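Data first, discussion second: the structure below is written as structure tokens.
The values are calculated or read from the model by the stated rules, or taken from the named source; none is laboratory data. As the structure is a prediction and not an experimental result, all values here were calculated from the model. Reconstructed Cβ throughout: ideal geometry from the backbone, glycine too, with neighbour counts over all protein chains shown.
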């Protein structure tokens, strides 16, 4: 019997998965995936993302604005985001953060929106799902500054940053989520850091339909593939896949306390 796994970050309503969502979920359940966190990136997605969580008992939702979309949501207002978190199937906020690699939105707008998401996370107690790329210094500075105003739960999703940044956010109490990127041959630094993340602060994800792990690299990623990532990370950390699955599933429910673990 396969050890149950949680895909802590997927986009079930994105092209490549949305048009065959039932099949994708069935594939994942057949691979032992017992929970899915369906992530939103812009306001117009919220309704569909939440609707999937309403329909599927093992799917939960987040609401938030990706940094790529910041310019289009500069006037969103914290109350709109705050009210969207009241839905019983919404268990997290995001993804939000900073992306200076593509620079699709003004950096100042990204930072303002990131802080607004943090403020709502602090008020609601819902974990913030953070995207950061080529923005380590500003991300760390904002997190440290905001933690000084009052603690809030958060994770760095699809972690690909430096070990120095990783240690800094771990010191702030954040969780680290690893995607299929950790299985890539050119991800040696990430693989080394993956060995040192405390077991209690580790999650696994797919970020599907993106970033399929080896042996599916280059294909449309599916939540079922989280097992390949889990197996790879377990091998890196010299533990069994069953142990890693149990640990990361426990961590998911310990972080996302609004979600109910299966009986």
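Determine whether residue 236 is closer than 25 Å to residue 17 by Cα and in contact with a helix residue (DSSP H, G or I) (Cβ under 6 Å, 6 or more places away or on another chain). Step through it out loud before you land on a result.
Details: closer than 25 Å to residue 17 by Cα: no; in contact with a helix residue (DSSP H, G or I) (Cβ under 6 Å, 6 or more places away or on another chain): yes.
No, not satisfied.
Among the residues of region 43-57, which ones are buried (at least 16 other Cβ atoms within 10 Å of the Cβ) and either assigned to a loop (DSSP other than H, G, I, E, B) or in contact with a strand residue (DSSP E or B) (Cβ under 7 Å, 6 or more places away or on another chain) (or both)? Even if it seems obvious, please write down each step before you answer.
Narrowing region 43-57 to residues buried (at least 16 other Cβ atoms within 10 Å of the Cβ): 43, 45-46, 49-50, 52-53, 56.
Once the filter is applied, which keeps residues that are buried (at least 16 other Cβ atoms within 10 Å of the Cβ) and either assigned to a loop (DSSP other than H, G, I, E, B) or in contact with a strand residue (DSSP E or B) (Cβ under 7 Å, 6 or more places away or on another chain) (or both), region 43-57 yields 46, 49, 50, 52, 53, 56.
Taking the stated definitions as given, is residue 143 more than 14 Å from the chain's Cα centre (by Cα), crowded, with 24+ Cβ neighbours inside 10 Å and in a helix (DSSP H, G or I)?
Numbers: more than 14 Å from the chain's Cα centre (by Cα): yes; crowded, with 24+ Cβ neighbours inside 10 Å: yes; in a helix (DSSP H, G or I): yes.
Against the criterion (more than 14 Å from the chain's Cα centre (by Cα), crowded, with 24+ Cβ neighbours inside 10 Å and in a helix (DSSP H, G or I)), residue 143 qualifies.
Return the only residue of 156, 181 being surrounded by 16 or more Cβ atoms within 10 Å (Cβ to Cβ), modelled with pLDDT of 95 or more and within 20 Å of residue 257 (Cβ to Cβ).
156
Just wondering, is there one or more residues in region 59-72 that are modelled with pLDDT of 95 or more, assigned to a loop (DSSP other than H, G, I, E, B) and out of contact with any strand residue (DSSP E or B) (no Cβ under 8 Å at 6 or more places or on another chain)? Spell out the reasoning first.
Within region 59-72, the subset modelled with pLDDT of 95 or more is 59-72.
Keeping just the survivors that are assigned to a loop (DSSP other than H, G, I, E, B) gives 64-66.
Retained after the next criterion (residues that are out of contact with any strand residue (DSSP E or B) (no Cβ under 8 Å at 6 or more places or on another chain)): none.
Within region 59-72, none of the residues are modelled with pLDDT of 95 or more, assigned to a loop (DSSP other than H, G, I, E, B) and out of contact with any strand residue (DSSP E or B) (no Cβ under 8 Å at 6 or more places or on another chain).
From 21, 79, which residue is under 30 Å from residue 241 (Cβ atoms) and surrounded by fewer than 21 Cβ atoms within 10 Å (Cβ to Cβ)? Let's see the steps before the verdict.
Working: 79 fails: under 30 Å from residue 241 (Cβ atoms).
Sole residue among the options that is under 30 Å from residue 241 (Cβ atoms) and surrounded by fewer than 21 Cβ atoms within 10 Å (Cβ to Cβ): 21.
Residues in region 152-159: is at least one more than 15 Å from the chain's Cα centre (by Cα) and assigned to a loop (DSSP other than H, G, I, E, B)? Talk me through it step by step, then tell me what you get.
Restricting attention to region 152-159, the residues satisfying the condition of being more than 15 Å from the chain's Cα centre (by Cα) are 152.
Remaining after also requiring assigned to a loop (DSSP other than H, G, I, E, B): 152.
Scanning region 152-159, I find at least one residue that is more than 15 Å from the chain's Cα centre (by Cα) and assigned to a loop (DSSP other than H, G, I, E, B), so the answer is yes.
Among the residues of region 238-257, are any within 16 Å of the chain's Cα centre (by Cα) and in a loop (DSSP other than H, G, I, E, B)? Show your work before the answer.
Restricting attention to region 238-257, the residues satisfying the condition of being within 16 Å of the chain's Cα centre (by Cα) are 248-257.
Narrowing the set further to residues that are in a loop (DSSP other than H, G, I, E, B) leaves 256-257.
Yes: region 238-257 contains one or more residues that are within 16 Å of the chain's Cα centre (by Cα) and in a loop (DSSP other than H, G, I, E, B).
Does residue 126 fit the bill of being surrounded by 20 or more Cβ atoms within 10 Å (Cβ to Cβ) and either at pLDDT 95 or above or touching a helix residue (DSSP H, G or I) at 6+ places or on another chain (Cβ under 7 Å) (or both)? Before you say what the answer is, go through the steps one by one.
Working: surrounded by 20 or more Cβ atoms within 10 Å (Cβ to Cβ): yes; either at pLDDT 95 or above or touching a helix residue (DSSP H, G or I) at 6+ places or on another chain (Cβ under 7 Å) (or both): yes.
It is true that residue 126 is surrounded by 20 or more Cβ atoms within 10 Å (Cβ to Cβ) and either at pLDDT 95 or above or touching a helix residue (DSSP H, G or I) at 6+ places or on another chain (Cβ under 7 Å) (or both).
Return yes when residue 201 is over 16 Å from the mean Cα position of the chain (by Cα) and buried (at least 16 other Cβ atoms within 10 Å of the Cβ) and no when it is not. So that I can check it myself, show each step before the final result.
Working: over 16 Å from the mean Cα position of the chain (by Cα): no; buried (at least 16 other Cβ atoms within 10 Å of the Cβ): yes.
No.
Go over the candidates 35, 30 one by one and state the one that is closer than 22 Å to residue 227 by Cα, at pLDDT 95 or above and touching a strand residue (DSSP E or B) at 6+ places or on another chain (Cβ under 8 Å). Quick ask: steps written out before the conclusion?
Details: 30 fails: touching a strand residue (DSSP E or B) at 6+ places or on another chain (Cβ under 8 Å).
None of the other options fit; the residue is 35.
Is at least one residue of region 73-92 part of a strand (DSSP E or B), touching a helix residue (DSSP H, G or I) at 6+ places or on another chain (Cβ under 6 Å) and under 21 Å from residue 155 (Cα atoms)?
Checking region 73-92: not a single residue is part of a strand (DSSP E or B), touching a helix residue (DSSP H, G or I) at 6+ places or on another chain (Cβ under 6 Å) and under 21 Å from residue 155 (Cα atoms).
Is it true that residue 112 is farther than 21 Å from residue 178 by Cα, out of contact with any helix residue (DSSP H, G or I) (no Cβ under 6 Å at 6 or more places or on another chain) and assigned to a loop (DSSP other than H, G, I, E, B)? First the steps, then the outcome.
Numbers: farther than 21 Å from residue 178 by Cα: yes; out of contact with any helix residue (DSSP H, G or I) (no Cβ under 6 Å at 6 or more places or on another chain): yes; assigned to a loop (DSSP other than H, G, I, E, B): no.
Considered against the rule, which asks whether it is farther than 21 Å from residue 178 by Cα, out of contact with any helix residue (DSSP H, G or I) (no Cβ under 6 Å at 6 or more places or on another chain) and assigned to a loop (DSSP other than H, G, I, E, B), residue 112 comes out as no.
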